[in-house]
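See structure below.
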Amino acid sequence: MKGIVWLASYPKSGNTWFRAFLANLLHGGEQPVDINAFDTNNFAARPGFDRALGWETSDLTLAEVERARLAVQEVIAREEGAVFKVHEAFTDPRDGRPLFSLPATRAALYFLRHPLDVAVSFSHHRGKDLDNTIARMNNPQAVMAANDDDLDLQLPQPLGSWGSHVRSWVDAPGLPVQVLRYEDMLARPQEMFTAACRFAGFPDDPARVARALEHSRFEVLQQQEQAKGFRESVGGRAFFRKGQAGAWREVLSPAQVSAIVQHHGEVMRRFGYLNADGTPV
Amino acid sequence: MAPTLDNLPPHRHRVYGLTVATWIPFPELESAPADAPVDAVFRLGEVPAELGGSKFNGARFQAGPGRLLAWIDGVARYLAVDGREILVQPEPGAIEGDLRALLLCSPMGGLLHQRGLLPLHASVIATPRGAVVFLGNSGRGKSTLAAHFARRGFRVLADDIAVIRFDGTGKPFAEPGLPQFKLWPNSVSELGEAADTLPRLRPQMEKRTLAFPGSFCREPLPLARLYALEADNQSPDIHLFPQPVLDRVRLLLDHTYRAQYLPGLGIQKAHFQSLSRVAAAVPLVRVTRPDDGKFRLQELADKLAADFSQ
């Protein structure tokens with residue numbers, strides 16, 4: 001099938017878990033697929049973008065690259081079975097410009113996780129303290145991999161705040177998007193992953209889904225990382241760390257909880273992360 | 001393949017073993033004598049919006065037999081024709097520095113492919129054993145590494161695009177490119193220089209150019225060894241993995257400059273044959289190091305120097 005499937009999420013929200021599942025679903029045999037051989041790339045990785053572009057983004061200004069973004073997606077969409085992980089917001093939080101081409105899109109799966117748990121996990125991933133990470137989640141202008149002095153291996157990825165990121169994807173007009181809550185994926189994996197596969201046009205027969213789930217269980221991923229490392233980890237810190245819901249209760253201070261709730265209460269309530277009385281679930 | 005047109009543009013330069021006649025001077029290129037036979041021409045002209053006939057379309061290029069159309073909005077449209085000419089149609093207000101810098105990227109890549117040369121995404125240094133090539137995607141440090149070797153007293157043949165050609169006996173040689181590194185400010189600092197004293201590659205970019213006329217190797221050298229620079233966070237150390245011939249072909253294809261033009265140009269088969277000849281003749285070593293923001297230039301260069309001096 002032509003057209004791109006986007007695996008979209010704010011960082012640390014279950015995207016890589018789904019990529020592990022998908023690699024096992026599409027290529028799995030008796031043994032789990034190597035975690036260093038996932039074939040879903042980040043769309044912001046330069047080599048693939050440069051290939052479709054016909055120029056090197058490192059020779060171009062950011063404005064020139066951004067102008068070519070949707071055309072690059074439309075070139076890639078001509079290929080069969082293109083699937084990309086993306087952390088960009090659906091629209092640029094700085095100017096509202098669309099970052100994804102609807103004609104190039106087959107479907108989007110949006111992975112959503114409790115923002116208080118995201119704060120804990122993202123803080124560990126970045127190697128930055130919680131307050132710094134919460135400030136980032138609350139920053140409506142946040143951009144990943146934006147650096148003038150160096151060539152990041154990834155293109156800059158406009159992220160916005162956690163809440164605006166969620167809204168940009170789930171409320172995008174005309175976008176075929178399925179929302180998957182991380183907590184539901186943990187609680188009811190067979191049902192949730194099957195629904196995702198059906199929506200995106202991946203194989204969905206029960207035995208195959210079950211085996212792929214078994215081969216992408218958290219413990220399996222973590223064991224592989226401990227045994228031979230994970231290419232995508234940063235700064236020598238474990239990527240597959242806890243894989244649980246609710247860790248924030250042990251870690252975040254009341255002030256840190258309230259800093260997130262204040263900014264994102266509405267979106268949290270909408271997706272069941274906040275009670276009617278304003279306390280996090 | 002020499003251009004047949006009488007009214008050649010006035011300026012003469014030498015790059016990748018070719019003498020080119022250009023409509024403006026290219027200060028980043030070596031000069032060539034006015035009476036040197038001309039191999040290719042860069043000139044202003046009308047460039048069509050689309051290629052006719054069979055073609056492969058990318059986001060900012062179209063490739064067809066003998067034709068490569070590439071453009072950047074706000075700068076120019078370029079058409080490389082039959083390996084002998086690059087036509088340039090600037091957009092209103094485009095600046096000369098941008099026109100030149102971009103011409104020497106994709107349009108030049110198209111022209112080199114059309115001539116049946118083998119352009120690789122690499123830098124090249126001269127060693128007593130011959131040319132040593134550092135293959136790598138953008139950001140993997142091939143320019144920084146070559147610049148570091150220049151400071152250790154090695155001469156340099158090329159940065160960014162390495163052109164390989166075969167002599168009459170089929171032996172692969174690296175051609176001299178242009179005596180200039182393209183470096184991001186952090187890489188300039190890594191080399192112990194101040195970025196703000198260096199000219200920008202393009203006026204609106206932070207990326208800099210560092211000219212190395214004193215270290216430029218102006219003659220082709222036989223290929224001694226190829227290194228593919230890669231990131232791998234699975235180990236904290238730098239590793240060297242010599243590659244068997246079949247894997248060399250795959251890596252050379254991965255690091256072919258603008259390989260995406262090949263299907264449209266219709267020269268995939270010839271290109272593959274060239275890669276196979278290089279792979280059969282020249283050792284290729286994968287070099288992995290963690291992508292942790294630390295360059296470890298000394299250590300990397302020491303390891304490579306120990307390897308290519310063997």
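The values are calculated or read from the model by the stated rules, or taken from the named source; none is laboratory data. Predicted model, so just to flag it, every value in this text is computed and none were measured. Neighbour counts are summed over all protein chains in view; Cβ atoms, including those assigned to glycine, are modelled from backbone coordinates with ideal geometry.
Considering B:Ala21, B:Ala49, B:Ala122, which residue is more than 12 Å from chain A (Cβ to nearest Cβ) and surrounded by fewer than 21 Cβ atoms within 10 Å (Cβ to Cβ)? Among B:Ala21, B:Ala49, B:Ala122, only B:Ala49 is more than 12 Å from chain A (Cβ to nearest Cβ) and surrounded by fewer than 21 Cβ atoms within 10 Å (Cβ to Cβ). Screening the range B:249-270 for residues that are under 19 Å from the mean Cα position of the chain (by Cα) and of a type in the set (D, E, K, R) and picking the one that is nearest to B:Gln114 (Cα to Cα) gives B:Arg258.
Within the range A:31-66, the set of residues being more than 7 Å from chain B (Cβ to nearest Cβ), touching a strand residue (DSSP E or B) at 6+ places or on another chain (Cβ under 7 Å) and within 15 Å of B:Gly58 (Cα to Cα) comprises just one member, A:Gly48.
When you go through B:Gly130, B:Gly170, B:Gly141, B:Gly177 one by one, which is the residue that is surrounded by 22 or more Cβ atoms within 10 Å (Cβ to Cβ), more than 14 Å from chain A (Cβ to nearest Cβ) and touching a residue at least 24 places away in the same chain (Cβ under 8 Å)?
Values: B:Gly130 fails: surrounded by 22 or more Cβ atoms within 10 Å (Cβ to Cβ); B:Gly170 fails: surrounded by 22 or more Cβ atoms within 10 Å (Cβ to Cβ); B:Gly141 fails: more than 14 Å from chain A (Cβ to nearest Cβ).
So the residue among B:Gly130, B:Gly170, B:Gly141, B:Gly177 that is surrounded by 22 or more Cβ atoms within 10 Å (Cβ to Cβ), more than 14 Å from chain A (Cβ to nearest Cβ) and touching a residue at least 24 places away in the same chain (Cβ under 8 Å) is B:Gly177.
Screening A:Pro93 on (1) in a helix (DSSP H, G or I); (2) more than 11 Å from every other protein chain (Cβ to nearest Cβ); (3) buried (at least 19 other Cβ atoms within 10 Å of the Cβ) shows it passes everything except condition (1).
Hey, which of the helices (runs of 4 or more DSSP H) in the range B:209-309, taking only ones fully inside, have at least 1 residues that are under 17 Å from B:Phe166 (Cα atoms)?
Working: elements: B:245-254, B:262-265, B:268-281, B:297-308.
In the range B:209-309, the matching helices (runs of 4 or more DSSP H) lie at B:245-254, B:268-281.
Determine if the range A:82-94 includes at least one residue that is of a type in the set (A, V, I, L, M), out of contact with any Pro (no Cβ under 9 Å at 6 or more places or on another chain) and over 19 Å from A:Asn41 (Cα atoms). No, that holds for no residue.
Restrict the check to the range B:181-200 and report whether at least one residue is at pLDDT 90 or above, under 16 Å from the mean Cα position of the chain (by Cα) and more than 14 Å from chain A (Cβ to nearest Cβ). The answer is no, given that none of the residues of the range B:181-200 is at pLDDT 90 or above, under 16 Å from the mean Cα position of the chain (by Cα) and more than 14 Å from chain A (Cβ to nearest Cβ).
Counting only residues that are assigned to a loop (DSSP other than H, G, I, E, B) and surrounded by 17 or more Cβ atoms within 10 Å (Cβ to Cβ), which one in the range A:67-82 is nearest to the other protein chains (Cβ to nearest Cβ)?
Taking the range A:67-82 first, the residues assigned to a loop (DSSP other than H, G, I, E, B) are A:77-79, A:81-82.
Next cut, surrounded by 17 or more Cβ atoms within 10 Å (Cβ to Cβ) only: A:77, A:82.
Numbers: A:Ala77: 11, A:Ala82: 14 Å.
Among those that are assigned to a loop (DSSP other than H, G, I, E, B) and surrounded by 17 or more Cβ atoms within 10 Å (Cβ to Cβ), it is A:Ala77.
One residue alone among A:Val267, A:Val209, A:Val261 is without any contact (Cβ under 8 Å) to a residue 40 or more places away in the chain, over 16 Å from the mean Cα position of the chain (by Cα), outside any loop (DSSP other than H, G, I, E, B) and crowded, with 17+ Cβ neighbours inside 10 Å, and that residue is A:Val261.
Of the listed requirements (1) modelled with pLDDT of 95 or more; (2) buried (at least 19 other Cβ atoms within 10 Å of the Cβ), A:Phe240 misses just one: (1).
Counting only residues that are touching a strand residue (DSSP E or B) at 6+ places or on another chain (Cβ under 6 Å) and surrounded by fewer than 20 Cβ atoms within 10 Å (Cβ to Cβ), how many does the range B:226-250 have?
If we filter the range B:226-250 for residues that are touching a strand residue (DSSP E or B) at 6+ places or on another chain (Cβ under 6 Å), which is where we start, we get B:226-230, B:232, B:238-243, B:248.
The next check asks that each one be surrounded by fewer than 20 Cβ atoms within 10 Å (Cβ to Cβ); those that pass are B:230, B:232, B:238-243.
Looking only at that region, the number is 8.
If you go through the range B:52-67 and pick out every residue that is at pLDDT 95 or above and either surrounded by fewer than 13 Cβ atoms within 10 Å (Cβ to Cβ) or in contact with a Pro (Cβ under 9 Å, 6 or more places away or on another chain) (or both), you end up with 1.
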